[in-house]
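Worksheet for the structure shown next.
Read-outs: derived from the displayed coordinates by stated rules, not from any lab. Please read these numbers as outputs of a predicted model, since none were measured by experiment. When we count neighbours, we look across all protein chains shown, and the Cβ atoms used for this are built from the backbone with ideal geometry, even at glycine.
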Amino acid sequence: MTFQSQQNNDFLSVKEADRIVIEYYTDPLCCWSWAFEPHWQKLLHQFEGEISYTHYMGGLISDWNSYQDPMNAINRPAQLGPLWLEVSQVTNAVIDPAIWVEDPPTSSYPACIAVKSVEMQSKEAAEKYLYKLREAVMTKKQNIARPEVLSAIAQNFSKENPDLLNYNQFLEDISGEKSVQLFKNDLQKVRYNRIGRFPTLTIHKPGQTGIILTGYRPYEVLLQAISVVAPELVNGVN
């Protein structure tokens, strides 16, 4: 699927105009996005300096009273366990589905807001913190709907990366209105663009026609998409 980027090139530098722009729609509780991580990280490493990206939090689960996934026949927490197990088997991702029986998260909204709070400090910090959240819930059965868990992960991350995350600033931001508004802006963008599955990526150059990738995709498919958008970058890349 293709789309036309509406971004104005008049104020872009030559380097920015040549850069690949990726909008990555995801959610901390999305098991397919966790399985996608190795391919995403490989892409960022392979095209370091050539890609500009932004994460948009999708708000996968607002609460279990309103959540419905007719494609997978899921409407209560325990039903997510078999899906996580299937994703692990299909993709070889390390996923422990037991959390959906032992301590099921009630919503993905708190984790989404936490990511936006970290993003207020830097996109790099948000990228790494999002990874930590996924790792915590998918492999360590930590309930990332709980504020104390989100804070503990941020505190440990700050200790390991003091140049990336100020923990006290995180505590202030996550309890403020701005982080909530940033998440609401993401939700509006998700709805406006009719994003119905995660992960979804839009890949383009500013002002040019781009490609939409919906759902889990291996690295080879990502590379094919980059070759369409920027063939000059892919020659000789494996």
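List of remarks:
- Residue within the stretch 172-194 that is over 19 Å from the mean Cα position of the chain (by Cα), surrounded by 17 or more Cβ atoms within 10 Å (Cβ to Cβ) and free of Cβ contacts under 8 Å to residues at least 60 places away in the same chain present: yes
Matching residues to (1) more than 16 Å from Pro199 (Cα to Cα); (2) surrounded by 13 or more Cβ atoms within 10 Å (Cβ to Cβ):
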| residue | (1), (2) |
| --- | --- |
| Met57 | no, yes |
| Gln68 | yes, no |
| Met71 | no, no |
| Gly81 | yes, yes |
| Ala93 | no, yes |
| Trp100 | yes, yes |
| Thr106 | yes, yes |
| Cys112 | no, yes |
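- Residue list for the stretch 191-217, restricted to those being among the aromatic types (Phe, Trp, Tyr) and under 21 Å from Asp69 (Cβ atoms): Phe198, Tyr216
- Qualifying residue in the stretch 212-220 (condition: touching a His at 6+ places or on another chain (Cβ under 6 Å) and in contact (Cβ under 8 Å) with a residue 60 or more places away in the chain): yes
- Within the stretch 173-238, helices (runs of 4 or more DSSP H) holding 3 or more residues that are farther than 25 Å from Thr91 by Cβ: 177-192, 231-234
- Out of Val101, Val118, Val94, Val87, sole residue that is of a type in the set (A, V, I, L, M, F, W, C) and more than 16 Å from Glu135 (Cβ to Cβ): Val101
- Selection count, the stretch 167-209, where residues are in contact with a strand residue (DSSP E or B) (Cβ under 8 Å, 6 or more places away or on another chain) and among the aliphatic types (A, V, I, L, M): 5
- Taking the numbered list (1) touching a helix residue (DSSP H, G or I) at 6+ places or on another chain (Cβ under 8 Å); (2) in a helix (DSSP H, G or I); (3) exposed (fewer than 13 other Cβ atoms within 10 Å of the Cβ) in turn, His45 passes all entries but (1).
Every residue, every condition in (1) among the β-branched types (Val, Ile, Thr); (2) in a helix (DSSP H, G or I); (3) within 21 Å of Thr139 (Cα to Cα); (4) more than 17 Å from the chain's Cα centre (by Cα), yes or no:
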residue: Trp32; (1), (2), (3), (4): no, yes, yes, no
residue: His39; (1), (2), (3), (4): no, yes, yes, no
residue: Gly49; (1), (2), (3), (4): no, no, no, yes
residue: Leu60; (1), (2), (3), (4): no, no, yes, no
residue: Asn72; (1), (2), (3), (4): no, no, no, yes
residue: Gly81; (1), (2), (3), (4): no, yes, yes, yes
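- Test: Ser62 is out of contact with any Asp or Glu (no Cβ under 8 Å at 6 or more places or on another chain) and small (Gly, Ala, Ser): yes
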